[in-house]
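Have a look at the structure below, then the notes.
The values are calculated or read from the model by the stated rules, or taken from the named source; none is laboratory data. The shown structure was predicted, so the numbers you read here are calculated from the model rather than taken from an experiment. Quick reminder, even Gly has a Cβ in these numbers, built from the backbone with ideal geometry, and neighbours come from all protein chains shown. Heads up: the accessible areas ignore ligands, DNA and RNA and are worked out on the full protein's heavy atoms, side chains in. Shrake-Rupley method; radii C 1.70, N 1.55, O 1.52, S 1.80 Å.
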Amino acid sequence: MQLTKIQKQIENNPWKTAITIRKNNQTIFETSNANMVFKSASLIKLGIALYIEEEKPDTIDNTLNLSSDDIVGGAGIINRLSIKSWQISDLLDLMLSVSDNTATNALLNYYNINTINDYLQQNFPNISLGRFLMKKSDKENTCTSNSMMDVFEKLLADNNEVNHVILDALKHQEVRNKLVAYSNPKYEVFNKTGELLHEQHDIARFKVNADVIDCCVLTNYQSQKDYENILNMMQKIGKILTH
């Protein structure tokens, strides 16, 4: 692993990039703006999952019925299905593996969005859960690369039934065109992506034997050309980390 190669990937770009990289829970690379606030996009779903894992692990076998208010567009599959009754563990999986926005909103309603935000603010002050997914609001969901890395590492460190659901979902996460796209196949990978109109994010764990590398990349950009170049940058970073 040559960290100087990663530095070269992020120099002189027209977009903003924040990166945090840790190996075996120790920071080995961090950009100067690793504490700069970005819109979190779907990375906020990791914070929701952590709340359930830490605070409500005994509820994942519960069943909830979707309300019409839960159902929204964007990423996911539930909004196209006729099924209205779901087990919490299945919603948790869909929120992470296919970034299902309806599953996310159902969980935010079930556990109360303000309660989850209070938990996140108390434990990770640079993370804010301000709004439901795909819903207009004067509030926003925000994070920094360092704070999201803290969430990610805590999320993957637990060892309970909820953690097993989360690990399986992240291992089968469907958007794999960023950090994990060209990673060394000897590494087991877990990742979660996020994107909005001007944001492209990814956070990933690369694991082989006793070594664990965690990488979070947040970006803010303006043009379509930047979007394509950001994907290329992330792919190269994942490759550098695992070769």
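The set of residues in the range 165-194 being within 16 Å of VAL98 (Cα to Cα), at pLDDT 95 or above and within 13 Å of the chain's Cα centre (by Cα) consists of ILE166, LEU167, ALA169, LEU170, LYS171, LYS178, PHE190, ASN191, LYS192, THR193, GLY194. On the stretch given as the range 163-197, residues that are out of contact with any Ser or Thr (no Cβ under 9 Å at 6 or more places or on another chain) and over 22 Å from HIS243 (Cα atoms) total 5. Note on the range 12-82: enclosed strands (runs of 3 or more DSSP E) holding 3 or more residues that are open to solvent by 10 Å² or more (accessible area, probe 1.4 Å) and either at pLDDT 95 or above or under 30 Å from ASP226 (Cα atoms) (or both) are 16-23, 26-30. If the condition is being of a type in the set (S, T, N, Q), in contact (Cβ under 8 Å) with a residue 12 or more places away in the chain and either under 19 Å from SER67 (Cα atoms) or open to solvent by less than 20 Å² (accessible area, probe 1.4 Å) (or both), then the range 83-126 contributes SER85, GLN87, SER89, SER97, SER99, ASN101, THR102, THR104, ASN105, ASN109.
Total residues in the range 127-166 satisfying the condition of being surrounded by fewer than 19 Cβ atoms within 10 Å (Cβ to Cβ), assigned to a loop (DSSP other than H, G, I, E, B) and of a type outside the set (Ser, Thr, Tyr): the figure is 11.
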